[in-house]
Amino acid sequence: MRIALQSVFLLSMAFTLYTLAGYPLLLGLLARFRTRPIRKQFQPKSVTVLLPVRNGERWLPAKLKSLSALRYPRELLDILVISDGSSDATDSIAEKFGGPVQLLRLPGGGKAVALNAGLERARGEILFLTDVRQELERDSLRNLVACFADPQVGVVSGELVIRDGQTHEELSVGLYWKYEKWLRKGESRLDSVMGATGCIYAMRRELAKPLPPGTLVDDMYLPLAAFFRGYRIILEESAKAFDFPTALDTEFQRKVRTQAGVYQIIRLYPQLLTPRNRMWLAFLSHKLARLLLPFALALIALTTFALPDPWLTGALLAQAFFYGMALFDPLIPEDFSAKRVSAPARSFVVLLAAAFCAPFVLLRSPENVWKETRVRSARPLP
């Protein structure tokens, strides 16, 4: 029995190290020697912007100004604001803005229902999907559309830039996002990322298909519809959206939703786990492994007691230090040097907890999952 438990410990440790460090190193090597170039040339195409909103009065004026400021031919751009059961001033703000902005009112049904209604109304050759809070770099849409000069490209994701945080907690969340973007860039260079950045991505209109009701991650479902028709999903770093840093509790809620969405995606696209997925290694190592990581770490903790000394003592001390720093992080003042260690440790543990809690979100109705993300740096209403 002891040997079996030690084997479980070693396997769990190997899985954890591969997920966190081994796969990124392997990806870096593969991306360096097997990069697939992309042909880029701006060829003007008609674009429909799909902007689903629920109670977005706080952000909508600035968002519409950001969209109107895009360096893109006015006659080729339609902006569809899809108000999903908004009870604030969202509808009146969109109606008064004028220009290419159109308002589509819906009863609250969740983001998937809102996007489906938008897909029915969209007439552009290209769909540009974005969220209400993030402002866009002026050339972002132009740079996304330029990638469609390559006939193999079906979906182009922009890059989300998180502004610098004011606390170690916000900096730690931003550090995680930088790690995530590095992985996506490598996968894009190889072939495709297994999803897009939800607040800034574009796709060919003919490749989009209606989302099943209750879909939590449109930015995976819609891009994968194109991917399994043989097209690439790429990341275009020159197309940028800018967001405020978020606190850890907010990031926890967002991560629970997105990780729950991965479970949905596996059910909707079971071929992701088979050789029919030409990026199967990336999906298993990046997306699926993240779901399994909390359980691997739990097994490490439980089977540590089967180790012989001095490994037992060393493993127990290492885990006690790491989880202890995470536990006491809220009590450590911002100006203490220990905060540089405790804040990342706590962020890591909280994001692991999000992956563990993700399946329970599937028991909730979709309209209750789609909520406003709280940010510390809030822009006041104009």
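Among the numbered conditions (1) within 22 Å of Leu67 (Cβ to Cβ); (2) part of a strand (DSSP E or B); (3) of a type outside the set (Gly, Ala, Ser), the only one that Asp219 does not meet is (2). Just so you know, in the stretch 4-48 the residues that are part of a helix (DSSP H, G or I) and among the β-branched types (Val, Ile, Thr) include one that is farthest from Asp150 (Cα to Cα), and it is Val8.
Taking the conditions exactly as written (crowded, with 18+ Cβ neighbours inside 10 Å, of a type outside the set (Gly, Ala, Ser), under 16 Å from the mean Cα position of the chain (by Cα) and farther than 19 Å from Arg254 by Cα), does Val156 satisfy them or not? For Val156, the condition - crowded, with 18+ Cβ neighbours inside 10 Å, of a type outside the set (Gly, Ala, Ser), under 16 Å from the mean Cα position of the chain (by Cα) and farther than 19 Å from Arg254 by Cα - is met.
Of all the residues in the stretch 335-382, those that are part of a loop (DSSP other than H, G, I, E, B) and either of a type outside the set (A, V, I, L, M) or at pLDDT 50 or above (or both) number 19. The residue of the stretch 209-260 that is surrounded by the most Cβ atoms within 10 Å (Cβ to Cβ), among those that are of a type in the set (Ser, Thr, Tyr) and farther than 15 Å from Lys111 by Cβ, is Thr246. For the criterion of being touching an Asp or Glu at 6+ places or on another chain (Cβ under 7 Å) and small (Gly, Ala, Ser), Gly198 passes. So for the stretch 36-43 (the condition being under 18 Å from Arg121 (Cβ atoms) and either surrounded by 16 or more Cβ atoms within 10 Å (Cβ to Cβ) or out of contact with any helix residue (DSSP H, G or I) (no Cβ under 8 Å at 6 or more places or on another chain) (or both)), does at least one residue qualify? No. Does at least one position in the stretch 238-260 carry a residue that is out of contact with any Cys (no Cβ under 6 Å at 6 or more places or on another chain) and more than 26 Å from Arg163 (Cα to Cα)? Yes, the stretch 238-260 has at least one match. Six or more apart or on different chains, Cβ under 9 Å: which pairs go from a residue in the stretch 350-370 that's over 13 Å from Val113 (Cα atoms) to one that's modelled with pLDDT under 55? Could you list them? Here the result reads Val361/Val369, each pair linking the stretch 350-370 to a residue that is modelled with pLDDT under 55. Checked against (1) surrounded by 15 or more Cβ atoms within 10 Å (Cβ to Cβ); (2) in contact with a Leu (Cβ under 9 Å, 6 or more places away or on another chain), Phe305 passes all but condition (1). Within the stretch 47-65, the presence of a residue that is touching a residue at least 40 places away in the same chain (Cβ under 8 Å), surrounded by fewer than 18 Cβ atoms within 10 Å (Cβ to Cβ) and over 30 Å from Asp131 (Cα atoms) is excluded.
Would a scan of the stretch 96-106 turn up a residue that is basic (Lys, Arg), over 20 Å from Ala62 (Cβ atoms) and either surrounded by fewer than 18 Cβ atoms within 10 Å (Cβ to Cβ) or under 22 Å from the mean Cα position of the chain (by Cα) (or both)?
yes
Any residue in the stretch 317-339 that is within 16 Å of Ser172 (Cβ to Cβ) sitting within a Cβ distance under 6 Å of a residue that is part of a helix (DSSP H, G or I) and aliphatic (A, V, I, L, M)? List the pairs, counting only those 6 or more apart or interchain. Pairs that qualify, where the first residue is within 16 Å of Ser172 (Cβ to Cβ) and the partner is part of a helix (DSSP H, G or I) and aliphatic (A, V, I, L, M), are Phe322/Ala345; Met325/Val341; Met325/Ala345; Ala326/Ala345; Ala326/Val349; Asp329/Ala343. Residues of the stretch 247-299 that are charged (D, E, K, R) and within 18 Å of Leu27 (Cα to Cα): Arg278, Lys287, Arg290.
Kindly evaluate Leu127 against the criterion of being modelled with pLDDT of 95 or more, within 20 Å of Met203 (Cβ to Cβ) and under 22 Å from the mean Cα position of the chain (by Cα). Yes: the conditions hold for Leu127. If the condition is being over 25 Å from Asp219 (Cβ atoms) and surrounded by 15 or more Cβ atoms within 10 Å (Cβ to Cβ), then the stretch 272-300 contributes Ala296, Leu297, Leu299, Ile300.
The values are calculated or read from the model by the stated rules, or taken from the named source; none is laboratory data. All values derive from a computational prediction rather than experimental measurement. Reconstructed Cβ throughout: ideal geometry from the backbone, glycine too, with neighbour counts over all protein chains shown.
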